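A short write-up of the structure that comes next.
The values are calculated or read from the model by the stated rules, or taken from the named source; none is laboratory data. If you're wondering where the values come from, they're calculated on a predicted model, not measured in any experiment. Glycine also receives a Cβ, built like all others from the backbone with ideal geometry; neighbour counts cover every protein chain displayed. What goes into the accessible areas is simple: the full protein's heavy atoms, side chains included, and nothing from ligands, DNA or RNA. Shrake-Rupley method; radii C 1.70, N 1.55, O 1.52, S 1.80 Å.
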Amino acid sequence: MKATTSLTMGENALTLLDLLRRAAAHKGLRLHEGASKAYSEPIKEYALDEKLLAALAERNIKRQDRPDCRNEIFTLVDESPQNKVPGWSPSNYWNFKLVDGDKRRFDLRVTLSVGLGINFEKRGVVLVPQAHGSYISAADQLPNFRMFKALVELGTDAPAVAKELAASDGTVVVTWTELGLGGIRRLADLFTEFAARNQTVAQLGRNGEVFDPAPNPRYQQPGDELFIPEPAQPKIIETWRTQLNEYRSHLVA
């Protein structure tokens, strides 16, 4: 009988979604489900009145006229220097449309949320500030941070995580240790260590016929990869070693 180690989701194996949910909950956030990118549900909404608009202008987030839109669009632009990406124009502006049925008033609402992503170099989940307007929003990280920071510092009653992000350099890291997951590793990375640069073993792992749990499942979608907490790692490596020895024994004439 082939040796196996069963993986139980949420216990000795975690998905990317599991990790993001845990990091969000650790900061008092709720993950927005079903989105193409990971971000939290809204944490604060600001209506930009004259006072806030004037304060944003002092921070170089200013209104710019859009003559091409016949006064039907209100545009705020972060006029501070931007990170330059060759071949791309900065995405540093927010457009707001007129309120339905009111040709004199714009829907000047900005909603704050938090983006989340894994960063193995930083050993955890990175939180980044996001500031969504009611119509079209800046996509680049730097202007999002500037708008987020300005509104949190100018407004009132922002949640603790918003204040922490506003006081940061633009990101906050929730480390594996904070989540009680110190030493967690991707299953595929664990297998790379096990294979120890043996290309034959590595190829067997890619074939998906010898090892269970399979280190590189076929047809795996982004986000489907598994992460293994440190206490479960030795058992999985031991299982793979047993499976490899069984495979070798069947090759003997």
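Residue count for segment 179-209 under the criterion of being in contact with a helix residue (DSSP H, G or I) (Cβ under 7 Å, 6 or more places away or on another chain) and in a strand (DSSP E or B): the result is 1.
Filtered by the rule that a residue be closer than 26 Å to ASN119 by Cβ, out of contact with any His (no Cβ under 7 Å at 6 or more places or on another chain) and of a type outside the set (A, V, I, L, M, F, W, C), segment 177-205 gives THR177, GLY180, GLY182, GLY183, ARG185, ARG186, ASP189, THR192, GLU193, ARG197, GLY205. Restricted to segment 68-161, the set of strands (runs of 3 or more DSSP E) holding at least 1 residues that are of a type in the set (Val, Ile, Thr) comprises 73-78, 109-119, 124-133. Candidates are the residues of segment 156-174 that are more than 30 Å from SER89 (Cα to Cα) and either among the aromatic types (Phe, Trp, Tyr) or loosely packed, with under 15 Cβ neighbours inside 10 Å (or both); the one that is modelled with the lowest pLDDT is THR156.
Being open to solvent by less than 40 Å² (accessible area, probe 1.4 Å) and under 27 Å from the mean Cα position of the chain (by Cα) is a property that does not hold for ASP102. Residue-level check: of (1) in contact (Cβ under 8 Å) with a residue 40 or more places away in the chain; (2) small (Gly, Ala, Ser); (3) surrounded by 17 or more Cβ atoms within 10 Å (Cβ to Cβ), ALA131 misses just (1).
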